[in-house]
Structure formats: C-alpha cells, structure tokens
Amino acid sequence: MIPEWLEKRYKILWDTFQGSPFRFEAAAKILKEKIHDDKKQINVILSELRKKGWLKVKMDTVDARKKIYTLKSKEDILTETFPLKKNSLTRGELESLLKGAADLIRTRVDYTFILVLLFYKRVSDKWAMEYDNAYKEALEDGLSKTEAQGEAKNSMYHDFDTSEELLWENIRKQPARLPENFSKAMKILADRNPELKDIFDNADFVQFTTNRENTEILRQLVELFSARSLQHVSPDILGDAYEWILRYFAPQKAKEGEVYTPREVIRLLIKILNPQPGESIYDPACGSGGMLISAYQYIKDQSGRDEADRFFLYGQEANHKTLALSKMNLYIHDIRNAQLLFGDTLLYPKFKDAEKTKSFDVVIANPPWNQDGYDEVTLKKGEFWKDRFKYGFTPKQSADWAWIEHMMASADKAKGRIGVVIDNGCLFRGGKEKAVRTGVMNDDLLEAVVLLPEKLFYNTGAPGALLFLNKNKSKERKGKIFFINASKEFRQHPEVRKLNQLGEKNIQKIVNAFNNFTEEEGFSRAVEMDEIKENEYNLNVTLYVFPEEEVEDIDVNKEWRELRILEKEIDEVDKKIEGYLQELREEN
C-alpha cells in the first residue's frame with residue numbers, strides 16, 4: 001500500500017492515461033489542472049510511484065534525455081504483491097491479503113464490508129470448485145459435455161443455490177457497476193437461500209457507495225480479493241483469517257460499544273467446561289460466534305471432525321448485524337451443525353420445548369455487562385419468566401444475574417454445566433442482586449469463581465470474572481465454592497501495548513487447579529458455604545484468596561552507604577549553587 005496523498009495522484013493519472021504511455025509534461029499538466037500540483041513536485045510523485053512498483057519507466061527513443069512512463073493497473077499490482085498459487089494459500093499469505101484490505105478501509109469504512117466480500121468470494125470460489133468436480137464426475141458417468149454442464153449446476157452439488165452469472169468473477173467484469181451488481185446478486189442469493197438473508201440484509205453496497213470515495217474503495221477491495229483464489233483454502237486457515245479481522249478491528253469497535261471476547265478467555269472457559277461429542281452447547285448472547293466455534297474446535301482437536309459434527313451448536317443474538325457476522329463466521333469455519341436465531345434472549349428466548357426453554361448440556365456466554373433496562377416489570381413481559389427468574393429479578397441498571405438465571409434455566413437438569421464471563425461487581429453488589437445470588441448459592445449450584453487479570457478486554461480495563469455453575473456437582477465439591485485468584489496470571493499483549501493477555505501457561509495453571517480441586521496459597525481455595533454465609537454471600541474473590549505480596553530483601557548497610565554518598569553529592573551541588581549565587585550578588 002502507498003500513502004493516501006500518492007494514491008490520490010495515481011488515481012488521477014490512471015483515470016487519464018490508463019495503461020497508455022505518457023511523458024513528464026503530460027503528467028504535470030493533468031496534476032496541475034486537477035489538484036494544482038506544482039511542476040517541481042511531479043518528479044517526486046513519479047519517483048515515489050516507481051519505487052513502490054506502481055509505475056514502469058523507460059527511455060524515450062526519440063529523445064534519450066527524456067523518459068516514457070506507463071502506470072501499472074491495480075490488478076497487476078495486487079497480483080505481483082500476492083502471486084497466485086492455484087492450490088495453496090498459507091495462513092500468513094491470507095492474513096497479509098486481509099491486512100491490505102484493512103489498510104484500504106482504514107477507519108473510514110465499516111469492517112463488515114471486508115467480511116461480507118470475503119464470505120461472498122468464498123461462496124463463489126467454492127461453487128466453482130464444486131461445479132468442476134460435479135462436471136468431471138458427470139463426464140465419467142457417461143454424460144455428454146452439455147449434459148454434464150447442466151448436471152454440475154444442480155444445487156444438490158453445492159452449499160448454496162446460485163448460478164454462474166452471480167459468481168464473483170462475472171460481477172467484477174463491470175467495475176463501474178459493482179455496487180448494483182453485488183446488491184442484485186446478494187438479493188437473488190438471499191431469495192434462493194433464506195439462511196443467507198441475515199447476512200446480505202446488512203450489506204447495502206448501493207448505499208455504501210453513495211460516497212464517491214467508497215466507490216473507489218469497493219473497486220480496490222474487489223481487485224484485492226480477486227488476486228487470490230479461496231477454492232483450496234482450508235476452513236481452519238480461512239476461519240483464522242476471519243477471526244484476524246474481528247481481532248484487528250476490536251480496539252476501534254470497542255469505542256463504539258461492540259464487545260469482542262478475547263479468544264484466550266474463551267479457551268479457558270471451554271477447557272474447564274470440557275464439552276463432549278453428542279452433547280449440545282448454547283450461547284444466549286452469541287455475538288460473532290466465537291464461543292460456539294471454539295467449543296467445536298476443541299472437540300475437533302480432541303476427537304476429530306466426525307466427532308465434532310456430532311456436537312450441536314445453538315445461539316441467539318439480539319443485533320441483526322452481529323448475527324450476520326456469526327453466521328458468516330460459522331460458514332467460513334465450515335461448521336454446519338449450528339442453529340443461530342435472532343431475538344432478545346431475556347424477553348423472547350427462541351429455543352423452546354413445549355411451554356419451557358430448551359435444555360442444553362453446556363451453556364456459555366459473555367453477555368452484556370451491567371445491561372440497563374431489565375427490571376422486574378420488564379422481565380415479567382418475557383416468555384417463561386416464572387421458570388427462568390425463579391430466584392428473583394435484577395435492578396434496572398444491571399441485568400447480570402438475569403442472564404445467569406436464564407442460563408441456569410437453559411441447562412440440563414441432570415448434567416447441565418454453565419460458564420459465564422461477567423462483571424466483577426455482580427459478585428458482591430447488594431440489593432436485588434444479592435437476593436438472587438443468595439438463592440443460587442443456597443441451592444448449591446455455583447461451583448467456582450475465577451477472578452481474571454485486569455486489562456484483558458478491549459472495551460474495559462475492569463478485570464471481569466468467570467462463574468462456573470453445575471447442576472451435578474461432584475461429591476467432594478458439594479457445599480463448597482472453589483475460588484481462583486488469577487489476577488496475576490497474564491502476560492503483556494503482543495499487539496496492543498495497553499492490554500494484557502492470558503498465556504497458555506496461565507490458562508493451563510487455572511485449568512489444572514480447577515480440575516484437580518487443588519488449593520494453593522494466594523491462588524486457589526475451596527471455601528465452605530458457612531464461611532460465605534458469614535460474609536453475607538459476598539463472592540469477592542479477594543475475600544477468600546489474596547496473592548501474597550513479594551517482600552523485597554533489603555541490605556540495610558548497603559542502602560545506608562548509598563544514602564551517605566547521595567547526601568555528599570547533594571552537599572557538593574549546594575556549595576556550587578551557593579558559589580554561583582555569590583558571584584551574581586558581587587556583580588550586582
């Protein structure tokens with residue numbers, strides 16, 4: 001990528017000359033007319049374009065003292081930057097491509113347009129690959145070329161019902177009509193494939209390009225993605241690339257209120273909950289799908305793809321745009337055993353069994369912390385409120401325990417396990433929250449509380465906590481709550497200077513302590529309910545586990561000697577200053 005000022009001049013020159021040769025004088029004339037560049041600047045502009053590889057230069061055969069310039073097209077530039085390898089695209093190469101896309105949009109354009117284009121390119125490239133495979137099989141079965149072509153277009157051979165005219169390569173043939181063609185193609189695809197409606201309803205390219213600058217950004221993004229085929233990219237690599245975009249823009253989106261749960265926190269949750277093939281998992285605030293995908297990947301890593309496909313994923317999300325991100329994310333990861341639905345979970349849970357909420361083996365979430373507006377009056381307007389909020393109602397200013405109650409009501413009665421990332425304040429706040437907390441603990445449902453390090457999250461410096469609840473606590477854990485103070489278990493974030501991160505050693509230390517139910521001074525402790533009751537049901541981890549402060553050994557004699565040396569140096573400085581002041585007084 002090149003600086004914005006230089007790219008602007010490249011565009012002016014390209015609009016004028018395209019790939020035709022031109023001389024210095026012609027470039028100087030057009031740039032002076034368009035943006036009043038001084039003739040002295042032209043040499044710098046042409047030189048910089050040549051250094052960046054965007055301009056070819058050769059000597060003028062008529063006048064050897066002069067040069068002939070030819071601009072390279074954006075397509076040629078991108079192809080040289082990301083050379084095509086038909087059957088291979090590494091994680092690093094794909095991330096490099098996406099970094100180029102991120103540089104193009106900078107902070108001017110919503111990053112979801114990158115994700116939608118990546119998704120559409122994957123759908124198109126995969127359709128083409130599926131077509132080729134089906135065509136070859138049809139020929140081998142004895143069909144004629146014409147018959148094989150017709151057979152290969154049948155939707156039964158493809159993930160989605162589409163057609164050749166809607167494929168990426170055909171849309172990009174008309175650069176001037178990209179917005180209209182993409183919008184038309186996405187509408188047709190959504191009509192033919194209702195499961196894509198949420199995705200494409202949130203990508204209006206016509207509206208997007210009412211800004212002329214965005215029209216050029218779209219053209220460049222299309223050229224960028226066109227430089228590489230996504231046919232043979234593994235779902236793991238493509239999925240990691242999708243996650244890379246979410247992570248890359250997380251600091252910016254956090255300022256707008258979007259929440260991105262660090263994948264290290266999710267891994268910790270999943271390892272402790274230990275989901276198994278054949279089980280179901282439910283995220284009532286699924287966001288971009290990170291928790292569901294991580295749970296699937298956990299089983300895949302443990303037992304293989306076939307077993308992971310026997311693991312059933314469910315999610316609900318109240319934001320249409322975020323639900324679209326989640327659906328794309330699952331497809332990009334090639335995860336099909338999932339059902340995601342739109343709606344306000346606290347009022348209208350979408351997963352039901354007759355007249356109650358559906359039950360799941362594992363329930364996991366990072367719900368909105370301290371969500372406003374869900375007091376008793378509001379929650380009683382929701383479905384199944386008597387079953388879901390039997391421990392009481394939350395105050396208007398924080399729905400933390402309402403989310404936890406819903407998750408408990410959604411967990412299987414016999415073996416349901418729950419893991420939630422929540423604001424640390426819900427552990428000790430009084431009033432209505434204390435009443436709910438008391439009921440949950442008296443029923444011996446809370447298994448463990450983990451205090452996280454501070455500065456793990458992009459949207460807040462608060463430490464946060466993990467709560468683990470269990471409908472079937474083991475005998476040794478009954479009547480107790482296991483507290484882990486992991487506030488010191490972090491490393492410096494490798495990419496964001498102001499953030500911390502859970503390292504693999506930190507994660508494994510916490511998991512080992514939980515699984516083995518081991519106590520360690522200043523780190524972990526199993527606490528009897530009687531002690532918690534004495535503390536008025538306060539779950540503040542530091543009440544029960546407090547890390548010992550490291551005491552520094554002090555060499556008194558050494559410190560005394562150093563102090564005497566400092567005092568001597570200060571006396572010498574004072575004498576010099578007094579001498580300077582005396583000289584000034586004598587001069588005056």
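Indicate, rounded to the nearest 5 percent, the antiparallel portion of the DSSP beta bridges found entirely in the stretch 257-543.
50 percent
Rounded, prolate or oblate: which fits the stretch 4-72 when a ≥ b ≥ c are the square roots of the eigenvalues of the alpha-carbon gyration tensor, with rounded for a/c under 1.5 and prolate only if a/b beats b/c?
prolate
Would you please put 159-169, 362-372 in order of how densely packed they are, using the mean number of other Cβ atoms within 10 angstrom per residue and starting with the highest?
362-372, 159-169
Report the local net charge at residue 57: Lys and Arg +1, Asp and Glu -1, summed over other residues whose C-beta lies under 10 Å from its C-beta.
It works out to a net charge of +4.
Please work out the Cα center distance from the stretch 391-438 to the stretch 1-78, rounded to the nearest Å.
Cα centres, the stretch 391-438 to the stretch 1-78: 64 Å.
How would the stretch 257-543 be classified by its alpha-carbon gyration tensor: rounded, prolate or oblate, with rounded meaning a/c under 1.5 and the a/b versus b/c comparison settling the rest?
Here the stretch 257-543 falls in the rounded category.
Just rank 320, 36, 158, 333, fewest to most, by other beta-carbon atoms within 10 angstrom.
Starting with the residue having the fewest Cβ neighbours, the order is 36, 320, 158, 333.
If you take the square roots of the eigenvalues of the alpha-carbon gyration tensor of the chain and sort them as a ≥ b ≥ c, do you get rounded (a/c under 1.5), prolate (a/b over b/c) or oblate?
Verdict is oblate for the chain.
What FRET efficiency comes out for the pair residue 103/residue 176, r = Cβ-Cβ distance, R0 = 25 Å, nearest 0.05?
Efficiency, from the Cβ-Cβ distance: 0.55.
Using 1/(1 + (r/R0)^6) with R0 = 35 angstrom and r between the beta carbons of residue 36 and residue 62, what's the FRET efficiency to the nearest 0.05?
Taking R0 as 35 Å, the efficiency between residue 36 and residue 62 is 0.70.
Please compute the modelled spin-label separation between residue 529 and residue 155, points set 7 Å along Cα→Cβ, answer in nm with one decimal.
Distance between the two pseudo-spin positions: 5.5 nm.
For a Förster distance of 41 Å, can you work out the FRET efficiency between the beta-carbons of residue 556 and residue 516, rounded to the nearest 0.05?
0.45
Mind jotting down the distance between the C-alpha centroids of the stretch 312-345 and the stretch 496-518, whole Å?
Using only Cα atoms, the two centres lie 28 Å from each other.
Can you tell me how much longer the chain between residue 495 and residue 358 gets when fully stretched, taken as 0.36 nm per residue apart minus their C-alpha distance, in nm with one decimal?
Stretched out fully, the residue 495 to residue 358 stretch lengthens by 45.3 nm.
Between 560, 319, 545, whose Cα lies farthest towards the positive end of the dipole of the chain when Lys and Arg beta carbons carry +1 and Asp and Glu beta carbons carry -1, centred on the Cα centre?
319
Taking 8 Å as the Cα distance limit and 6 or more residues as the minimum spacing, I'd like the relative contact order of the chain as a percentage.
For the chain, the relative contact order is 9 percent.
Taking the Cα-to-Cβ direction at residue 370 and at residue 51 and moving 7 Å from each Cα, how far apart do the two end points lie in nm?
So the label points at residue 370 and residue 51 sit 4.9 nm apart.
Students often forget the sequence filter, so: which aspartates and glutamates lie under 17 Å Cα-Cα from residue 473 once same-chain residues fewer than 8 apart are removed?
Partners within reach: 361, 412, 443, 444, 447, 528.
On full extension of the chain, what length is gained from residue 319 through residue 540, given 0.36 nm per residue of separation minus the C-alpha to C-alpha distance?
Result: 76.4 nm gained on full extension.
Length gain on complete extension for the stretch residue 578 to residue 310, per 0.36 nm per residue less the alpha carbon to alpha carbon distance?
88.0 nm
Please name which of 508, 102, 226 has its Cα lying farthest along the dipole of the chain towards the positive end, using unit charges on Cβ (Lys, Arg +1; Asp, Glu -1) and the Cα centre as origin.
It is 226, whose Cα lies furthest towards the positive end.
Whole angstrom only: what separates the Cα centroid of the stretch 154-213 from the Cα centroid of the stretch 445-489?
Centre-to-centre (Cα) distance: 45 Å.
For the stretch 93-172, take the alpha-carbon Rg, divide it by the Kirkwood Rh, and send me Rg/Rh.
Over the Cα atoms of the stretch 93-172, Rg/Rh equals 1.15.
Mind giving me the nanometre distance, one decimal, between the label points for residue 201 and residue 163, set 7 Å out from Cα along Cα→Cβ?
2.5 nm
Every read-out reported here was derived from the displayed coordinates using simple, explicitly stated rules and does not represent laboratory data. Here the structure is a predicted model, which is why all the values come from computation and not from measurement. Because the Cβ atoms are built from the backbone with ideal geometry, glycine has one as well, and the counts that use them run over all protein chains shown.
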